[in-house]
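Worksheet: the structure to be examined is printed underneath.
The values are calculated or read from the model by the stated rules, or taken from the named source; none is laboratory data. The model shown is predicted, which means the values in this text are computed figures rather than measured ones. Neighbour counts are summed over all protein chains in view; Cβ atoms, including those assigned to glycine, are modelled from backbone coordinates with ideal geometry. SASA here: full protein model, heavy atoms, side chains in, ligands and nucleic acids out. Shrake-Rupley method; radii C 1.70, N 1.55, O 1.52, S 1.80 Å.
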Amino acid sequence: MKITFLGTGTSQGIPVIACDCEVCLSKNEKDKRLRVSILIETKNNTLVIDSGPDFRTQMLREDVQDIDGILYTHEHKDHVAGLDDVRPFCFKHNKEIEIYAHQRVLKALKGEFHYIFDDRFNYPGIPRIHANEITNTAFQINGDEVTPIEGLHYKLPVFGYRIKDFTYITDMNYISEKELEKVKGTKVLVINALQKTEHISHFTLAQALEIVEKIKPEKAYFTHMSHTLGLHDEVSQELPKNVFLAYDGLEIEI
Ligand SMILES: [Zn+2]
Ligand SMILES: [Zn+2]
Ligand SMILES: [Zn+2]
């Protein structure tokens, strides 16, 4: 299975508009972060987790020719805003795009992108979307088992996902021990680490390290980072040997 980090930044991306901090002004490509998303390529599927506002840029950058589906973590704009840009895949392959999300997230998408889901108009240029409602139980996509991991993003329930030996968690600041059990044994864990200082809805660097310590994956990668976390190269040096800050375009094989 191949993983490509499409974006590793928090909701504003890095650089942040009009910010002159050292991270936003950094010349290092690893300090430039699009909104968070990941591409998962297995033998059976090409899947994306979330379609944020940078979805189009990310698909072009990675030269993605087709996707089998989008798994949604939650309905915040930095995770859903790019849904309309699946249209080229619909046109090129004359197909519907499968999306997988909790009922609450689907409801939000249907509100936000009402023209896509409103059968009254059937406007020919819209994306063709097939919505799959999922619950907190494992499900199959073309033979790949996908296990949701539920956690909290302040009060909002969010899904992370495990596929085989890979687990992707973002926008959480709490995961119960019961849900963490599902993550155990994963070889590669991706988890959100926003910044060093306490935040109401995201794990801090130290909290993300605590989860890594509990799960003990072979390797862990942090994502959904803020410019307030610090420079990529400096923060990277503070991490244990098997823990890394992800960066846009990073590819890993599992
Ligand atoms: Zn987010
Ligand atoms: Zn900044
Ligand atoms: Zn969020």
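Could you check region 42-80 and list, in sequence order, the residues that are of a type in the set (A, V, I, L, M, F, W, C), away from ligand 1 (no atom under 16 Å from the Cβ) and either open to solvent by less than 10 Å² (accessible area, probe 1.4 Å) or closer than 23 Å to His227 by Cα (or both)? Quick ask: steps written out before the conclusion?
Here is the first cut: in region 42-80, the residues of a type in the set (A, V, I, L, M, F, W, C) are 47-49, 55, 59-60, 64, 67, 70-71, 80.
Filter again for away from ligand 1 (no atom under 16 Å from the Cβ), leaving 47, 59-60, 64, 67.
Leu47, Ile67 - these are the residues of region 42-80 that are of a type in the set (A, V, I, L, M, F, W, C), away from ligand 1 (no atom under 16 Å from the Cβ) and either open to solvent by less than 10 Å² (accessible area, probe 1.4 Å) or closer than 23 Å to His227 by Cα (or both).
Phe166 falls short on exactly one of the conditions (1) open to solvent by 10 Å² or more (accessible area, probe 1.4 Å); (2) farther than 19 Å from His76 by Cβ; (3) not β-branched (Val, Ile, Thr), and that condition is (1).
Might you let me know whether region 171-179 holds any residue that is on the phi > 0 side of the Ramachandran plot, within 16 Å of ligand 3 (Cβ to nearest atom) and not in a helix (DSSP H, G or I)? So far as region 171-179 goes, yes, one or more of its residues are on the phi > 0 side of the Ramachandran plot, within 16 Å of ligand 3 (Cβ to nearest atom) and not in a helix (DSSP H, G or I). With respect to Val23, is the statement that it is among the hydrophobic types (A, V, I, L, M, F, W, C), within 16 Å of ligand 2 (Cβ to nearest atom) and touching a residue at least 24 places away in the same chain (Cβ under 8 Å) true? Yes, satisfied.
Filter region 169-195 down to residues that are under 15 Å from the mean Cα position of the chain (by Cα) and farther than 21 Å from Gln12 by Cα and give me whichever is surrounded by the most Cβ atoms within 10 Å (Cβ to Cβ). Looking at residues that are under 15 Å from the mean Cα position of the chain (by Cα) and farther than 21 Å from Gln12 by Cα, I get Leu189. The condition of being of a type in the set (Lys, Arg) and under 18 Å from Ile38 (Cβ atoms) holds for only one of Lys219, Lys214, that being Lys219.
Criterion first (out of contact with any His (no Cβ under 7 Å at 6 or more places or on another chain) and within 13 Å of ligand 1 (Cβ to nearest atom)) does Ala138 satisfy it? Give the derivation first.
On the way: out of contact with any His (no Cβ under 7 Å at 6 or more places or on another chain): yes; within 13 Å of ligand 1 (Cβ to nearest atom): no.
Judged against the criteria, Ala138 is not a match.
Picking from residues in region 196-254 that are part of a strand (DSSP E or B) and open to solvent by 40 Å² or more (accessible area, probe 1.4 Å), the one that is farthest from Glu181 (Cα to Cα) is Glu251. Of all residue pairs spaced 6 or more apart or on separate chains, those with beta-carbon atoms under 6 Å, a first member in region 210-224 that is at positive phi and touching a residue at least 24 places away in the same chain (Cβ under 8 Å) and a second member that is surrounded by 12 or more Cβ atoms within 10 Å (Cβ to Cβ) and among the hydroxyl-bearing types (Ser, Thr, Tyr) are His224/Thr10; His224/Thr170.
Checked against (1) in a helix (DSSP H, G or I); (2) closer than 27 Å to Ile149 by Cα, Val64 meets all criteria but (1).
Look at region 76-99: where a residue is under 10 Å from Pro53 (Cβ atoms) and a partner is away from ligand 1 (no atom under 16 Å from the Cβ) and open to solvent by 80 Å² or more (accessible area, probe 1.4 Å), sitting 6+ places away or on another chain with Cβ atoms under 6 Å, you get Asp85/Arg56.
If the condition is being farther than 22 Å from His202 by Cα and open to solvent by 10 Å² or more (accessible area, probe 1.4 Å), then region 1-41 contributes Met1, Lys2, Ala18, Asp20, Glu22, Leu25, Ser26, Lys27, Asn28, Glu29, Glu41.
From the list Asp78, Asp85, Asp50, Asp68, the one residue that fits, being in contact with a Gly (Cβ under 8 Å, 6 or more places away or on another chain) and modelled with pLDDT of 95 or more, is Asp78.
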